[in-house]
Amino acid sequence: MQPEYILTLTCPDRKGVVHTISGTLLQHEGNIIDSSQFGDESTGLFFLRIHFSLEASQELPKLKTSLKEFEGSMGLQWAIAARETKTRVLIAVSRLGHCLNDLLFRWENNLLPIEVCAVFSNHEQLKPMTYQRSVPFFHHPVSEDNRNSQEKLLLKLINDLDIELIVLARYMQILSPAICEALSGRIINIHHSFLPSFKGAQPYKQAHERGVKLIGATAHYVTSQLDEGPIIEQDVERVSHALSPSELSHMGADIESRVLARAVKWHAENRILLNGSKTVVFP
C-alpha cells in the first residue's frame, strides 16, 4: 500500500493557493484522497487540509523541500503527518474519572488514533483504573508550596515520553502561564458549559438551584486565560425541572466525556487549525 499523509497549512488568503499546492503534490507523484479548505474573510487567512498518498516514500523529503520554498513568498505555515502514526498522549486527572475511563475505553478499542503513554494526577484515586490497562500512573500531589516543582516534573515527563498532546480530563489544577505558553496548541481541557455563570464547587447544584434548561460541555485549547482558549467542540442537552442535582451531574459527565473524546480525535487526526482566538475544524 502507498504511504498516506495529512498536510495542513495556513497562509494569507490569495488566488491560486489550492492550485499551487495540488500542483506541487502532483509534481512529487502525490495523489489527493480528500481535501477540505476554508477562507476566513474576517481574518484574511486561508486554511487547507489534504489527505494524500505518495507512490514512493522517498518523495516525502523532496515534497517538504518544495513546500519550504513557498514559506516566504506565500507566508505559508504547514505541517505533514503520517496518517497511520498515533498521537502520543498524556492524560492529567484529579479525582473524577468519567473522562479518563471513556478515553481509555476508546483507546483500547481503537476508536481514537492515539497512544496513551501515561496518566498524571495530583491524587491517587484513579490509579487502579490505569493499572487495569497497564498504563503508567504518576502521582504528584500539589500544594501552594510545591506547585512550581510539580509543573517541572510534569514538563520533564512530557519531554521524557515524547508527549505530543496533553489532555486535561477534569484535572482540577490551574496551569501556570509559563507552561501554557510552552505547550501552546498541545493542551486540551474540558469543562461544563455553565462557565462563567457557575464557577467553583458543585456547579450542577448551582445550576439546579437556578433552574437551568440546558446543560453542556466545552472542549478547548488551554491558554493562560482560564477557560478562554480557542474552542474545539461543544454539546448540550435539554433538561427538566424534575431532575435532581445528582441526575444533572450524571448527564453532564456523559456530555463531557463525549465532547472531550471528539476533540482529542479531531486533534489526533490533524483536523484542527488555530485561527487566532478560535479554531477551524475540518470534517
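Residue-by-condition table, conditions (1) in a helix (DSSP H, G or I); (2) charged (D, E, K, R):
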| site | (1), (2) |
| --- | --- |
| ARG88 | no, yes |
| ILE91 | no, no |
| ASN101 | yes, no |
| PRO128 | yes, no |
| ARG133 | no, yes |
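Answer yes or no as to whether ILE6 is within 17 Å of ALA81 (Cα to Cα) and free of Cβ contacts under 8 Å to residues at least 60 places away in the same chain.
On the way: within 17 Å of ALA81 (Cα to Cα): yes; free of Cβ contacts under 8 Å to residues at least 60 places away in the same chain: no.
The answer is no for ILE6.
Can you tell me which residue within the range 83-103, out of those that are of a type in the set (A, V, I, L, M) and open to solvent by less than 40 Å² (accessible area, probe 1.4 Å), is farthest from ASN270 (Cα to Cα)?
We begin by selecting, within the range 83-103, every residue of a type in the set (A, V, I, L, M); these are 89-93, 96, 100, 103.
Keeping just the survivors that are open to solvent by less than 40 Å² (accessible area, probe 1.4 Å) gives 89-93, 100, 103.
Working: VAL89: 14, LEU90: 17, ILE91: 19, ALA92: 21, VAL93: 24, LEU100: 22, LEU103: 18 Å.
Restricting to residues being of a type in the set (A, V, I, L, M) and open to solvent by less than 40 Å² (accessible area, probe 1.4 Å), the top hit is VAL93.
For the range 151-160, a residue qualifies if it is buried (at least 16 other Cβ atoms within 10 Å of the Cβ) and either assigned to a loop (DSSP other than H, G, I, E, B) or out of contact with any Leu (no Cβ under 8 Å at 6 or more places or on another chain) (or both), and exactly one does: LEU154.
What tally of residues in the range 163-185 results from selecting those that are charged (D, E, K, R) and under 24 Å from MET129 (Cβ atoms)? I'd like the intermediate steps shown before the answer.
Start the filter on the range 163-185 by keeping residues that are charged (D, E, K, R), which leaves 164, 170, 181.
Then keep just the ones that are under 24 Å from MET129 (Cβ atoms); that gives 164, 170.
The qualifying residues number 2.
Here the condition is being closer than 21 Å to LEU112 by Cα, of a type in the set (Phe, Trp, Tyr) and surrounded by 15 or more Cβ atoms within 10 Å (Cβ to Cβ); of PHE52, PHE38, PHE47, PHE70, it holds for PHE52 alone. Scan the range 161-172 for residues that are of a type outside the set (Val, Ile, Thr) and touching a helix residue (DSSP H, G or I) at 6+ places or on another chain (Cβ under 8 Å) and the total you get is 3. Give all pairs with beta carbons closer than 6 Å in which a residue from the range 212-241 that is within 9 Å of SER193 (Cα to Cα) meets a residue that is in a loop (DSSP other than H, G, I, E, B); count only pairs at least 6 apart in sequence or on separate chains. Close Cβ pairs satisfying both conditions: ILE215/VAL239; GLY216/SER193; ALA217/SER193; THR218/SER193.
Of all the criteria given as (1) in a helix (DSSP H, G or I); (2) open to solvent by less than 40 Å² (accessible area, probe 1.4 Å), the one not satisfied by ARG106 is (2). For first residues located in the range 116-133 and without any contact (Cβ under 8 Å) to a residue 40 or more places away in the chain, partners that are among the hydroxyl-bearing types (Ser, Thr, Tyr) and lie 6+ apart or on another chain with Cβ distances below 6 Å form the pairs VAL119/THR130; HIS123/SER94.
The set of residues in the range 2-25 being surrounded by fewer than 20 Cβ atoms within 10 Å (Cβ to Cβ), closer than 15 Å to LEU60 by Cβ and not β-branched (Val, Ile, Thr) consists of GLN2, PRO3, GLU4. Would you confirm whether or not the range 163-180 contains a residue that is open to solvent by less than 40 Å² (accessible area, probe 1.4 Å), assigned to a loop (DSSP other than H, G, I, E, B), more than 30 Å from ALA207 (Cα to Cα) and in contact with a strand residue (DSSP E or B) (Cβ under 6 Å, 6 or more places away or on another chain)? Scanning the range 163-180, I find at least one residue that is open to solvent by less than 40 Å² (accessible area, probe 1.4 Å), assigned to a loop (DSSP other than H, G, I, E, B), more than 30 Å from ALA207 (Cα to Cα) and in contact with a strand residue (DSSP E or B) (Cβ under 6 Å, 6 or more places away or on another chain), so the answer is yes. If you go through the range 248-280 and keep only what is within 28 Å of LEU96 (Cα to Cα), part of a strand (DSSP E or B) and of a type in the set (A, V, I, L, M), you end up with just ILE272.
The values are calculated or read from the model by the stated rules, or taken from the named source; none is laboratory data. Model, not experiment: these values are computed from the prediction. Using ideal geometry, Cβ is built from the backbone for each residue, glycine included, and neighbour counts are taken over all protein chains shown. These accessible areas exclude ligands, DNA and RNA; they are computed on the full protein's heavy atoms, side chains included. Shrake-Rupley method; radii C 1.70, N 1.55, O 1.52, S 1.80 Å.
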